[in-house]
Amino acid sequence: MELTENALKVLHARYLLRDEKGVCLETPEDMFRRVARNIAGAERLYGEDASYWEDRFYELMTSLKFLPNSPALMNAGKSIGQLAACFVLPVEDSMKSIFDTLKNAALILQSGGGTGFSFSRLRPRADIVRSTGGIASGPVSFMKIYNTATEVIKQGGARRGANMGILRIDHPDIIEFIRVKRREGELTNFNISVAVTDEFMEALKNEGEYNLRNPRSGEIIGSIKAKAVFNEIIESAWETGDPGLIFIDRINRANPTPHIGQIESTNPCGEQPLLPYEACVLGSINLSKYIKTEDRGQKTEDRIDWDMLAEDIKIAVRFLDDSIDVNIYPLPEIEKMHKGNRKIGLGVMGWADMLILLGIPYNHKRAFEFARKIMKFIRDKSKEASEELAKKRGVFPNFKGSIYDAPDMPKVRNATTTTIAPTGTLSIIADCSSGIEPLFAIAYKRLVLDTELYEVNKYFVRIAEKRGFYSESLMNKVFKKGNLKGIKEIPMDVKRLFKTALEIPPEDHIEMQAAFQEYTDNAVSKTINLPNKAKKEDVEKAFILAYDKGVKGITVFRYGAKKGTLVKIADSD
Ligand code: UDP
């Protein structure tokens, strides 16, 4: 296998099997074999040839064309056996529920999964507590307990604990929630997002007010100017990156199984809306591997190996569906829910690399068009694959009453098939750009597991050599700046092709997110980067634009803003 030094470091540190003394017991090839064998074991349940599929899965992973989410690589075939990255747990308005869920979250975190929670059902601060005659301490105080517990659990876990905390915009404690991360050191193991309703967005547009409701009694406790609350969100997001927004009504309009429940939260990085107790297994196709020819004379479409992509999507869907059957679930409730809806999330990584190889700048009109084309293809092929599986294995058990239970809809085995994950670690293993993000820098120092690694983008080096402008002194300049702006030896077209995240205006980041969202069942992980000098109005513009463009949520990050949570700039420590 061809693995970079960085990939090997990451695999050695967290993924490869070790004995009690910490001695590494497998090579990366052994790891992929372990994963392929474990997942393909599910084929036996359907009377299929498990060893045939083991080899297909092994080839797909070792060619680095597809990787499943980290927990699958870490845990498959081990006694822990937990393969999913994404979970949502319910938090009901009772001490019992709050602490039962905390315990359950601890089990998930230990296995490398990330958990999202909506705290919207908790009664507000200072509300009555009948059983004790006391007063309630409110959602934010319980989030702090969850945060502390995560801090302790993560020391022993497979990776950094990641949580998503959601509060509805109409919860009486919304202002406290919005402001909480402005204080250094608060909720560092949480990404937080406000669940924004259409009613709120309407009030905002009309410069009106909206109602706050006590979730315990359903009582309207007052109304508040939408703009005043929005300004608080903008202030916090500008300062710290949190909170993000999730457009909760839009998410529920796309809920494939409304008869099973309402969606109230996403997983930690926002790409996976889920029902309470639901899980999802993710996997990502490395798009940089599907360029047939680098001959720029040919039409973009003709340069993609569509046949290989179609075939690999089919195998990847099967892999993800199989992993539901062999998964060892942390809780029986989660097993029931995941096996009921059988949600899988196939997405992409290496998108920025693909565009570079095609010679299309990240924010060119052709890039947005091509994003739609690629993602539509993946969606269609993944649905076909899911339909094919359903013919042999049956539709997902909660099918009746779902949106697919209609004459003109495909009879599928999976309630969802597509999600765009951040691929923070997967992209290091596969040596490609992460998710659908543009390059963050052309050359940089990356801290991977306490080791400083120096990297120059391999495609830039290649072009520089090929076109004859490579030199040590030029590379030093690129290292110092991180981007190519203002370096006169570099031709204009190369500068345009290698634009980094901060050279791309926020509206183009959103446009790319929207392009992928159009053909994605679940959601799209994307950071909307803003330069340090961005103003609060720029954050406001980005939020409104995101809503208007039809995405399911948005997170902004202003370069250099203080940030307590590292998950969104997912590296691998
Ligand atoms: N995740 C987590 N802890 C982490 C990174 C990720 O729990 O340190 C979970 C979280 O639910 C996130 C999902 O894994 O949304 C996918 O993240 P990513 O694609 O970056 O993970 P990878 O598979 O590359 O490790």
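The values are calculated or read from the model by the stated rules, or taken from the named source; none is laboratory data. All figures in this text were calculated on a predicted structure; none of them were measured in a lab. Reconstructed Cβ throughout: ideal geometry from the backbone, glycine too, with neighbour counts over all protein chains shown. For accessibility, only protein heavy atoms count, side chains too; no ligands or nucleic acids. Shrake-Rupley method; radii C 1.70, N 1.55, O 1.52, S 1.80 Å.
Per residue, the chain reaches -12500 deg cm²/dmol at 222 nm when only DSSP H runs of four or more residues are counted, each adding -39500 (n - 2.57).
Multiplying the sequence separation of residue 310 and residue 296 by 0.36 nm and subtracting their Cα-Cα distance, what value in nm do you get? Walk me through the numbers before you get to the answer.
Values: separation 14, 0.36 × 14 = 5.04 nm, distance 2.30 nm.
Gain in length upon complete extension: 2.7 nm.
Roughly how many Å² is the accessible area per residue of the chain, as a whole number, for a 1.4 Å probe?
Working: 22870 Å² over 573 residues.
Result: 40 Å² of accessible area for each residue.
Rounded to the nearest 20 debye, the dipole size of the chain about its Cα centre is 740 debye, using +1 on the Cβ of Lys and Arg and -1 on the Cβ of Asp and Glu. Judged by the mean number of other Cβ atoms found within 10 Å, the most tightly packed of the peptides 302-312, 501-511 leads the ranking 501-511, 302-312. Expressed as a whole percentage, what fraction of the accessible surface of region 193-295 belongs to carbon and sulfur atoms when a 1.4 Å probe is rolled over the protein heavy atoms? C and S fraction of accessible area: 46 percent.
With the highest mean first, a sort of the peptides 456-463, 39-46 on other beta-carbon atoms found within 10 angstrom per residue produces 39-46, 456-463.
Computed from the C-beta positions of residue 409 and residue 249, the FRET efficiency with R₀ = 22 Å rounds to 0.50.
Once the piece of chain linking residue 481 and residue 93 is laid out straight, how much longer is it, given 0.36 nm per residue of separation minus the C-alpha distance between them?
On the way: separation 388, 0.36 × 388 = 139.68 nm, distance 5.12 nm.
Gain in length upon complete extension: 134.6 nm.
The relative contact order of the chain, computed from alpha carbon pairs under 8 Å that lie at least 6 residues apart in sequence, is 16 percent.
Given just the C-alpha atoms of region 439-489, how large is their convex hull per residue in cubic angstrom? Intermediate results must be reported in sequence, preceding the final value.
Working: hull volume 4.1 nm³, N = 51.
Taking only Cα atoms, region 439-489 has a hull volume of 80 Å³ per residue.
Which order do peptides 129-138, 47-56 fall in by mean Cβ count within 10 Å, highest first?
Details: 129-138: 12.1, 47-56: 14.6.
Packing proxy ranking, top to bottom: 47-56, 129-138.
The C-alpha radius of gyration of region 244-354, expressed as a fraction of 2.2 N^0.38 Å, stands at 1.34. Identify all lysines with a Cα-Cα distance to residue 205 below 19 Å; exclude those on the same chain that are fewer than 8 residues away in sequence. Hits, sequence-local ones excluded: 225, 227, 536, 541, 549, 552. Positive-end ranking of 142, 539, 195 along the dipole of the chain, with charges on Cβ about the Cα centre, is headed by 539. Working value for region 6-59: equivalent-ellipsoid semi-axes of 27, 12, 7 Å, each the square root of 5 times a Cα gyration tensor eigenvalue, largest first.
Rounded to the nearest angstrom and ordered from largest down, what semi-axes does the equivalent ellipsoid of region 421-546 get from its C-alpha gyration tensor (root of 5λ)? Present the calculation step by step, with values, prior to reporting the outcome.
Details: eigenvalues 152, 69, 43 Å².
Its equivalent ellipsoid spans semi-axes of 28, 19, 15 Å.
By accessible area, using a 1.4 Å probe on protein heavy atoms only, region 115-179 has 56% of its surface on carbon and sulfur. Between the residues 64, 395, 382, the greatest Cα displacement towards the positive end of the dipole of the chain, with unit charges on the Cβ of Lys, Arg, Asp and Glu, is found for 64. If R0 is taken as 41 Å, the Cβ-Cβ distance between residue 535 and residue 328 corresponds to a FRET efficiency of 0.25. For region 302-342, a Kirkwood radius taken over Cα pairs fed into Stokes-Einstein (25 °C, viscosity 0.890 mPa s) yields D = 204 µm²/s.
For the pair residue 373 and residue 103, a Förster radius of 45 Å applied to the C-beta separation gives a FRET efficiency near 0.45, rounded to the nearest 0.05. The orientation-averaged projection of the convex hull spanning the C-alpha atoms of region 8-108 amounts to 8.8 square nanometres.
The calculated P(r) of the chain, using every Cα pair and 10 Å bins from 0, goes 3, 18, 29, 28, 16, 6, 1, 0 in percent.
For residue 144, the aspartates and glutamates whose Cα falls under 12 Å of its own Cα, not counting residues fewer than eight places away in the same chain, are 186. For region 453-520, a Kirkwood radius taken over Cα pairs fed into Stokes-Einstein (4 °C, viscosity 1.567 mPa s) yields D = 95 µm²/s.
Cross-link reach is defined here as a Cα-Cα straight distance under 19 Å, omitting same-chain residues fewer than 8 places apart; for residue 78 the lysines meeting it are 21.
Taking K and R as +1 and D and E as -1, what net charge do the other residues with C-beta under 12 Å from the C-beta of residue 49 add up to? Display every interim value, and only then the final one.
Working: positive: 44, 56; negative: 43, 48, 54, 55.
After counting each charged neighbour, the total is -2.
Could you tell me the center-to-center distance, by alpha carbons, between region 197-215 and region 503-542 in angstrom? One Cα centre to the other: 24 Å.
Evaluate the Kirkwood expression for the hydrodynamic radius of region 179-219, namely the inverse of the mean inverse distance over all pairs of different C-alpha atoms, and round to one decimal in Å. For region 179-219, inverting the mean 1/r across all distinct Cα pairs yields 12.9 Å. Accessible area of residue 24 (1.4 Å probe, protein heavy atoms only, ligands and nucleic acids ignored): about 50 Å².
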